[in-house]
Amino acid sequence: MRRDRGEKARRGGPRRGRIAPVRKDGSLLFWAIVTGAVGGFASGIFVGPPMAAVRPAGDIFLTALRMLIVPLVMASLAIGVSSLGDVRRAGRFGLTTIAYYLATTAAAVLLGMLLVNLIRPGEGMQPAGLALPEKLAGRTPTTWIDILKSFVSPNLIEAMAKMDILPLIVFSLAFGAVLTTLGEKARPVLAFFDGVNEAMMKMVRLLMWAAPVGIFALIAARLGEAGGGHAAWREVQSIGAYAGTVVSGLAIHGLLVLPLLLWLLGRRAPGAFARGMGPSLLTAFSTASSSATLPVTLYCATERNGVSKRSAEFVIPVGATINMDGTALYEAVAAIFIAQATGHDLSGTQMVLIFLTATLASIGAAGIPEAGLVTMLMVLTAVNLPLEGMGLILSIDWLLDRFRTTVNVWGDAVGSAVLDRIGGLPPEQG
C-alpha cells in the first residue's frame, strides 16, 4: 500500500480533464490552527496592549520554522532537480516555472495599477513635512546590478547564517543538476539529501502541532503592540482609501485570478485546495514571512493536497524567492499612490517603468517581514518620486504586509499544482 501511494505521487498530478481530489487528513490540526488564529485576533483586538506579553511564544515558533529553512531548501531542491532526470528536460520545466511565475506577477501588477488609477486614493491629500522613515534611513535604493549580484554569494556559510535564500537556491539548483551527470557516483550523495529532506519534512509535521499556539501569540502580540483593535482601526482610517485599494487588489488576485488558474490549468477545486493549504496561509499571515512559511507550504502542498513531491520540491522553494504577486501589486499601488498624494503627474513612460520595476524588484525582495519597503525605494527612484513619500504608508504597512505575504504564499501553492499538471514534468527515471 505504501508503494501504491508513492506511485500516485510520482505520476505528476491528476490526469487531464479531471479535478484532483484533496486529501482529508489533518482536520484536527487545521481547526486547531484556525482556533488559534481567531483567538489571537480576538485577544489582540479586545485585550489590546497587554497581549504584547505573549510575543516570546510566537518568536519561538517563528525561530523554529526558520531553523528548518536552510537544510530543507538545499535538500529539497537538490533532490527535486536530480529527480527531473535529463538536465535539458529539467531546464524546460524550470523555464516553464519561471515564465508562469513572471506572468502571474505581471498580472498582479497590472491589476494593482488599474485599481489605483481608478480609485485614485492619493488625490486630494496635502502631505506636509514628510521625512524618510527611520528604518529606511541610510539605505540606498536597490538596482538591477544589486539584484543580479544577489543570485550568487562568495560564502555559502555566511548566506546560510544571514538566511540569504536566493544564492542558496541558485547553488542547490546547480548542484542538483550536476549530480544528474555523475551516474553511480551521485547515488550516495542523493541518498544523503533524500534522507535529510525526509527528516526535515518529519520535523515540519511535528512542529505543526505547535502552530496553533505560535500563530495565536504572533497575531495577538502584533495587534497588542499596535494598541489593540481601536488603535489599529485608527491607523487604517488614516489612509483608508489606500489600504482599501491594496486589499481589494490582493483579494481580486487571490480570490479570483489565482483560483481561476488553479481550476482551468491545474484542474483542482479551489475551495478544497485552499482548505488544504489552510495551515500555510494562516502561518503566512501571522509571520508575514514567505521564507519562514516555506516548510509549511511544502507540507500542505504535498501531504494535504497531494501535489507530487518531484514538482513541489522544485517549484515551491523557487516560488518563495521569485514569486511575489502580493508584494509586486502592493509596490505598484504604493508608488502611484505616493505620486498622487505628492502631486506628481505620471507619464505613460513612467507608468511602464513602474510596471517593469515593480514586477522585477519583487524578485529581489527577501521573504521576510516588510521586505517590500526596501525594494520600494527602487521603484520610487526609477520614476523620480520622493522617497519621503513612504512616510505616508508606513503606519499601516505592518498590517498590509500580512495580506500580501498570504497572497505570495497562495500564489506559490497554486503554482505548484498548476505546474505539476502542465509544466512538462519529465517522467521519473528508473
Checked region 272-290 for anything under 25 Å from Trp398 (Cα atoms) and buried (at least 24 other Cβ atoms within 10 Å of the Cβ); matches are Met277, Pro279, Ser280, Leu281, Leu282, Thr283, Ala284, Ser286, Thr287, Ala288, Ser289, Ser290
Quick check: anything in region 391-405 under 30 Å from Asp194 (Cα atoms), modelled with pLDDT of 85 or more and assigned to a helix (DSSP H, G or I)?
yes
Checking the structure you have, find out if any residue of region 121-135 is within 24 Å of Met351 (Cβ to Cβ), modelled with pLDDT of 80 or more and surrounded by 15 or more Cβ atoms within 10 Å (Cβ to Cβ).
yes
Tell me whether region 337-352 contains one or more residues that are under 28 Å from Ile219 (Cβ atoms), assigned to a helix (DSSP H, G or I) and either among the acidic types (Asp, Glu) or modelled with pLDDT of 85 or more (or both).
yes
Test for Arg187: is it over 18 Å from Arg402 (Cα atoms) and surrounded by fewer than 13 Cβ atoms within 10 Å (Cβ to Cβ)
yes
Can you list residue pairs whose Cβ atoms sit under 8 Å apart, with the first residue in region 112-126 being in contact (Cβ under 8 Å) with a residue 60 or more places away in the chain and the second being in a loop (DSSP other than H, G, I, E, B) and of a type outside the set (A, V, I, L, M)? Count only pairs 6 or more apart in sequence or on different chains.
Gly122/Thr342
Let me confirm something: among Leu260, Leu250, Leu281, Leu256, which residue is under 17 Å from Ile422 (Cα atoms) and either at pLDDT 95 or above or under 17 Å from the mean Cα position of the chain (by Cα) (or both)?
Leu260
In the set Arg304, Arg268, the lone residue that is basic (Lys, Arg), touching a Leu at 6+ places or on another chain (Cβ under 7 Å) and crowded, with 22+ Cβ neighbours inside 10 Å is Arg268
Counting only residues that are surrounded by 24 or more Cβ atoms within 10 Å (Cβ to Cβ), give me the helices (runs of 4 or more DSSP H) lying completely in region 210-264 with at least 1 of them.
211-225, 240-252, 258-264
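The values are calculated or read from the model by the stated rules, or taken from the named source; none is laboratory data. Nothing here was measured: the structure is a model prediction, and the numbers come from that model. Cβ: placed from backbone, ideal geometry, glycine included. Neighbour counts: every protein chain shown.
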